[in-house]
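The numbers here are math on the coordinates, done by the rules we state, and not lab data. Since this is a predicted model, take the numbers as computed values, not measurements. Note: ideal-geometry Cβ built from the backbone for every residue, glycine included; neighbour counts use all protein chains shown.
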C-alpha cells in the first residue's frame, strides 16, 4: 500500500506491506529532497525547483505530476498483479532542450535489509521493480 499526501507543494509518500496480518512501514519519502521522492538535476548540478501539480488514482495506478523548472515529470506507481512488486515509471518532459544529469527517487527504508545490495546488476534494478518481503 502507498499513502501519498501533498504538504507545502512537496509530495510525502509512505510505503507499507502486509506482514502476518498487520501493515508495517517499509519506506518513506526522504524529507530532505526537493519534491518529495523525486529529484531532477540538470547541467548546473543543482536540483531543479518544482512543485506537485496533481496526485490522483486512475485505473488502480497512482499518478503523480510535478512541475519541474519549465518542464514536468509524470510518475506512475502500480502493483504488478497480486504480487508484492511495485512498477514505477518516471517520465521527464522538459519544456525545451535540457541536459539531464540525474533523475532519481529517494526513500528512507524502515526495515533492516536482507542483503547489502540488490541481487541484480551491482545494486541497480534495470526493470524498476522493487520487491517487499
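Can you give the extra length, in nm with one decimal, that the chain gains between residue 56 and residue 100 once fully stretched, where that is 0.36 nm per residue apart less the Cα-Cα distance?
Details: separation 44, 0.36 × 44 = 15.84 nm, distance 2.66 nm.
Result for the pair: 13.2 nm of gain on full extension.
Efficiency by 1/(1 + (r/R0)^6): what FRET value for residue 93 and residue 3, r their Cβ-Cβ distance, R0 = 22 Å, to the nearest 0.05?
Details: r = 26 Å, r/R0 = 1.19.
The formula returns an efficiency of 0.25 here.
Express in nm, to one decimal, how much length is gained between residue 83 and residue 63 on full extension, taking 0.36 nm for each residue of separation and deducting their alpha carbon distance. If you can, show how the numbers build up before the last one.
Values: separation 20, 0.36 × 20 = 7.20 nm, distance 1.98 nm.
That pair, residue 83 and residue 63, stretches by 5.2 nm at full extension.
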